[in-house]
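Computed from the coordinates by the stated procedures, all read-outs in this text should not be read as laboratory data. Note that the coordinates shown come from a computational prediction; the quantities given were computed from them, not determined experimentally. Positions of Cβ are generated from backbone atoms using ideal geometry, with glycine treated the same way; all protein chains shown enter the neighbour counts.
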Amino acid sequence: MPRYLDAQWIDAWAEAVRAAGDELVRAARGERLRVTTRVHDDGGEVTYHLVVGPDGVDAGPGPTEPSDLTFRQGRDVAVAVARGELDAPTAFLHGKLRVGGDVRLLLAHTELFRTLDDALAGLRAATTF
């Protein structure tokens with residue numbers, strides 16, 4: 001079982017994203033979206049990325065440059081969101097999740113983020129938090 005945010009987990013996350021590639025591409029409706037997620041705690045920062053576009057998906061460790069959206073959050077918030085105990089919009093509204101870039105893209109790609117969440121259900125169940 002992968003531990004949340006370790007290298008094995010990021011590899012499993014990227015594999016789950018790639019497996020859902022066709023569904024994610026459809027949900028993006030022909031547009032490209034580049035997202036970087038940054039999770040910080042006292043031990044440092046973990047960064048991983050997702051790129052969805054007409055030509056497929058890319059996901060893995062590190063940032064994507066440039067990013068259309070960057071999510072920044074503490075580990076406690078990231079864990080709560082990953083477990084489904086807190087939804088990302090609520091975290092954002094309460095200032096626990098910071099979003100850089102064009103925030104309008106969040107609304108424009110609601111279906112994409114729902115599809116991504118569904119694609120990660122199996123990983124969520126197998127993850128040690």
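Determine the distance separating the Cα centre of segment 74-100 from the Cα centre of segment 1-71; give it in Å without decimals. So the two Cα centres are separated by 16 Å.
With only Lys, Arg, Asp and Glu charged, each at its Cβ (+1 for the first two, -1 for the last two), find how big the charge dipole of segment 1-79 is about the Cα centre; round to the nearest 20 debye.
Its charge dipole is roughly 180 debye.
Pick out which of Arg75, Arg104, Arg34 has the largest mean-square fluctuation in a Gaussian network model of the chain, springs linking Cα atoms closer than 10 Å. Looking only at Arg75, Arg104, Arg34, the largest GNM fluctuation is found for Arg104. Each of Val103, Val77, Ala20 was scored by the projection of its Cα onto the charge dipole of segment 7-122, and the greatest displacement toward the positive side belongs to Val103; charges sit on the C-beta of Lys, Arg, Asp and Glu. For segment 57-106, the Kirkwood radius over C-alpha pairs fed into Stokes-Einstein at 25 °C and 0.890 mPa s yields D = 207 µm² per second. Measuring max minus min along each principal axis, the C-alpha atoms of the chain give extents of 38, 31, 26 Å (largest first).
With the cut-off at under 16 Å, measuring from each backbone N in segment 33-54 to a point 7 Å along the Cα-to-Cβ line of Asp11 picks out no residue.
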